[in-house]
1. Could you compute the FRET efficiency for Asp154 and Thr67, with r as their C-beta to C-beta distance and R0 at 41 Å, rounded to 0.05?
2. Please express the Cα-Cα pair-distance distribution P(r) of the range 168-317 as a list of whole percents, one per 5 Å bin, running from 0 to the bin with the greatest distance.
3. Just the number, please: Stokes-Einstein D of the range 290-442 in µm²/s, Kirkwood Rh from C-alpha pairs, 25 °C, 0.890 mPa s.
4. Binning at 10 angstrom from zero up to the longest distance, how are the C-alpha pair distances of the range 250-317 distributed in percent?
5. Could you do me a favour and compute the accessible area per residue for the range 378-453, 1.4 Å probe, result in Å²?
6. Give me the Kirkwood hydrodynamic radius of the range 158-223 in Å, from all C-alpha pairs, to one decimal place?
7. At 1.4 Å probe size, with the rest of the protein present, what percent of the exposed accessible area of the chain is carbon and sulfur atoms?
8. Could you provide, to the nearest whole Å², the per residue accessible area of the range 285-372 with probe 1.4 Å?
Amino acid sequence: MRTKILPLCVLSLLMQGVAVSCLDDNEYTYSDEANIMSFSIGDIETVIINGDDTTTFVVEGEDVSFTIDQIGRRIYNNDSLPYQTDVRKVTTSINSTAQYITYILPDRNGEDSVCLWSSSDSLNMASPLSLTVYAPSGLYSRIYEVRLNVHQVDPDSLTWQKMEGTGYPGMQISGKQKAVCWEGRVFVFADKEPQVEVASTEDGRTWTPLVSLNGLDAKADYSSVLAFQGRLWLIAGNEVYSSFNGVDWRKEPVHATGLVAAFSHKLIAVDNGEFIEGVLSDGADLQWNRNGSPVPEHFPDGGYAFALSPLKTNYAIEQLILLGKEDDGAVDADSTVIWTSYSDDSRWIRYETESNHCPNLSDMGMISYDDALYVFGGKGRLDGEELEAFQYFYESRDDGLTWKPVEEHFMFPRELVGMAQSFSYVVDSEHYIWIMPSGNAVFWKGRLNRLGFDKTKE
């Protein structure tokens with residue numbers, strides 16, 4: 001129930017009457033304080049009707065906390081309410097020093113009415129609400145702006161930016177490429193002749209030109225590049241090289257045919273059918289160990305992609321999930337086999353599942369993102385079905401054991417679907433997914449909306 005104040009002079013007279021009161025020769029002086037001390041809302045039920053589908057959800061008011069800025073006289077919730085929350089009928093609870101609180105209520109004729117606030121009122125908070133707090137003395141008042149923030153975008157959807165006119169050198173890359181995010185920059189290594197070339201950027205808006213790698217005795221394997229302990233690493237002519245800038249390289253005292261993956265404290269390589277490990281020593285160089293562990297049968301022999309995360313049951317142990325190209329005769333054209341290893345164990349385990357397989361895609365990539373694993377890539381197959389390039393992200397929430405396509409929200413931009421070119425990809429420190437195609441002057445950056453929400457803002 002709303003109580004209208006008509007005319008405003010009624011309120012003025014009412015407040016003046018409480019300024020000083022005499023009873024039995026005792027004088028009472030009323031406070032000049034006009035502050036809101038706490039603010040909260042009641043539960044909000046939202047009903048969304050989409051064709052024949054009806055969705056209902058409830059925001060519990062006790063879970064919504066409000067900040068009161070007494071200097072700026074603003075009240076707001078830092079954590080926005082869920083996307084599409086209906087805030088047109090919201091009950092409020094206010095603890096204040098006030099004698100009365102009023103608010104403005106627009107009516108259907110476009111004229112405003114001044115109403116006394118009551119905790120039983122259902123207020124339309126789709127736009128900021130102005131509350132006027134009157135001190136008990138009637139001499140002072142303060143106006144607070146109350147803003148109920150609601151997410152304006154679906155927090156669980158990917159939003160993509162098409163990056164044009166940045167100098168991205170994709171038109172100069174006709175073949176394969178690989179990207180690495182390292183030391184706050186994105187490096188793209190292009191498989192060109194006679195030597196692999198590299199370009200880099202800090203934010204994707206300006207790029208360095210493509211230049212050939214220096215200091216190598218043979219052509220680099222572009223696909224072997226990875227970052228580990230403040231350096232970039234690659235294979236060239238069965239030798240291991242490292243770099244502090246991505247352009248100039250030095251030879252390491254170890255032979256290897258491939259770089260597989262990296263834990264936080266050790267780099268995994270293969271040579272002559274066995275694993276070798278580069279482990280941090282007291283100095284700046286790695287201590288390379290040949291522990292004699294044989295490479296398992298059908299272990300991938302290239303095209304490695306890996307994701308690293310703490311083991312859920314023991315955060316002191318890291319789990320590494322790996323995919324790659326298997327040797328001839330072991331390839332299952334309808335799926336990709338996933339391997340896993342742990343930081344405290346040199347053994348590798350091959351996942352065997354009867355269903356929910358990982359698809360087999362060309363130029364296949366894998367990322368760890370928002371507590372899940374995702375694979376994606378060019379054309380491919382899964383359980384006898386032909387797959388279009390960039391048709392879906394395939395998601396795993398059990399550390400790579402089972403996979404399923406994501407058919408809503410977490411999707412590629414339409415321009416990428418069916419794209420035939422090779423590409424590279426990275427995830428940067430701000431949770432942006434970069435997709436950079438060859439033979440193209442543009443690339444795409446996408447981020448899950450809620451990973452970009454800044455909770456310090458209203």
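The values are calculated or read from the model by the stated rules, or taken from the named source; none is laboratory data. Keep in mind it's a predicted model, so treat the numbers as computed, not measured. Here the Cβ is made from the backbone with ideal geometry for all residues, glycine too, and neighbour counts use every protein chain on show. Ligands, DNA and RNA are excluded from the accessible area calculation, which covers all protein heavy atoms including side chains. Shrake-Rupley method; radii C 1.70, N 1.55, O 1.52, S 1.80 Å.
1. After rounding to 0.05, the efficiency reads 0.95.
2. 2, 9, 18, 21, 20, 15, 9, 5, 2, 0
3. In µm²/s, the coefficient is 150.
4. Reading upward from the zero bin: 18, 46, 32, 4.
5. 46 Å²
6. After inverting the mean inverse Cα-Cα distance, the result is 12.7 Å.
7. Answer for the chain: carbon and sulfur cover 46 percent of the accessible area.
8. Here the per-residue accessible area is 52 Å².
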